[in-house]
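Enquirer: The structure follows.
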Amino acid sequence: FLFPSNNDSMFSIAIRYALQPGILYTTNTLTHNPAFSFVLNNLDRSITLHTDATKMWTANAVFRIGAFFILFILHLAFYLYYPSQKANLYFSLFAICVILTEANQIPEINTVKYLFYNRNLVLDFLILSNFFLLSAVYSLSNQQRGWVYKVLLALVVLGIYLSAVTYRLGDTVSIFITTNLINLEITRIAIAAVRRKQRGAKIIATGAIG
């Protein structure tokens, strides 16, 4: 809101707030839910900061969407041409999940009741993209999908469920537990492939470790 100011002015701001019934809140993807938060600035500076930040974020997201759309088309085409190589299918699914993750972050959501669903979609597509990447590495390395793979799949499903029904637990499971375990498993598989001297394994290992 706007109010006039000068060196001789003094203002008191009274704020009344209450928890809206039927509104769901989340902490997914670094979302915060302060009771009250404000930044004091002049009008022109506020507009400039908001416009610049929005343009930069949108430009970066659109660039990533374009890059991963190319990867999606390429890997889908490779899979349709050579269906026995399932890794291309998983890479295409990985790319489309990244695209959906980025696309859901472009609109600026200012309505609390919609923010919950938007943040959950972002987190769900993010964790699914990681799992499809893991599946692609499994396929490329001819790795048997044992109990570790099944446990990680169960954690992905559990994280998505908990994000929908809890305030903070889903974010903890998906980001701090499942994502880290998936990254460790990708690294383990890549190193094992390097030790077997599998062609292209060093490239995968470099990306996993990096």
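The values are calculated or read from the model by the stated rules, or taken from the named source; none is laboratory data. Treat the numbers as computed from the prediction; the structure is a model and nothing was measured. So basically every Cβ, Gly included, is an ideal-geometry build from the backbone, and we count neighbours across all protein chains shown. The protein model used for the area step is the full one, side chains on, heavy atoms only, and it has no ligands, DNA or RNA in it. Shrake-Rupley method; radii C 1.70, N 1.55, O 1.52, S 1.80 Å.
Enquirer: Given a Förster distance of 25 Å, report the FRET efficiency between ALA59 and MET10 from their Cβ-Cβ distance, rounded to the nearest 0.05.
Expert: The computed FRET efficiency comes out at 0.05.
Enquirer: Tell me the label only: which of (1) -0.32, -0.41, -1.33; (2) -0.29, -0.37, -1.11; (3) -0.33, -0.41, -1.16 is log10 I(q)/I(0) by the Debye sum over Cα atoms at q = 0.07, 0.08, 0.18 Å⁻¹ as calculated from this structure?
Expert: (1)
Enquirer: Explain nothing, just compute: Karplus ³J(HN,Hα) = 6.51 cos²θ - 1.76 cosθ + 1.60, θ = phi - 60°, for every residue of segment 125-138 in order, whole Hz, x for Gly and Pro.
Expert: So the Karplus estimates, Gly and Pro as x, are 5, 5, 5, 5, 4, 5, 5, 5, 5, 4, 4, 5, 5, 4 Hz.
Enquirer: Quick one: helix 43-81 against the long Cα principal axis of the chain, what's the angle to the nearest 10°, folded into 0 to 90?
Expert: 20 degrees
Enquirer: Return the distance in nm (one decimal) between the two label points of a simple spin-label model at ALA154 and VAL112, each offset 7 Å from Cα along Cα→Cβ.
Expert: 3.7 nm
Enquirer: By how many nm would the segment from LYS86 to ARG195 grow when fully extended, if each residue of separation counts as 0.36 nm and the alpha-carbon distance is taken off? Write out the running numbers ahead of the final one.
Expert: Details: separation 109, 0.36 × 109 = 39.24 nm, distance 2.28 nm.
Extra length from LYS86 to ARG195 when fully extended: 37.0 nm.
Enquirer: Then there's this: Once you charge only the Cβ atoms, +1 for Lys and Arg and -1 for Asp and Glu, what is the size of the charge dipole of segment 22-147 about its Cα centre, to the nearest 20 debye?
Expert: 240 debye
Enquirer: Treating only the Cβ atoms of Lys and Arg (+1) and Asp and Glu (-1) as charged, compute the dipole magnitude of the chain about its Cα centre; round to the nearest 20 debye.
Expert: Roughly 1080 debye for the chain.
Enquirer: Considering only protein heavy atoms, with the full assembly of protein chains and a 1.4 angstrom probe, order MET10, MET56 by accessible area, largest first.
Expert: Correct descending sequence by accessible area is MET10, MET56.
Enquirer: Report the residue, chosen from GLN198, GLN20, GLN105, that carries the largest GNM mean-square fluctuation when the chain is represented by alpha-carbon nodes joined by springs under 10 Å.
Expert: With Cα springs under 10 Å in the chain, the top fluctuation among GLN198, GLN20, GLN105 is at GLN20.
Enquirer: While we're here: What ³J(HN,Hα) values, in whole Hz, does the Karplus curve 6.51 cos²θ - 1.76 cosθ + 1.60 give for segment 111-123 when θ = phi - 60°, with x put for Gly and Pro?
Expert: 9, 4, 5, 8, 5, 4, 6, 5, 5, 5, 4, 4, 5
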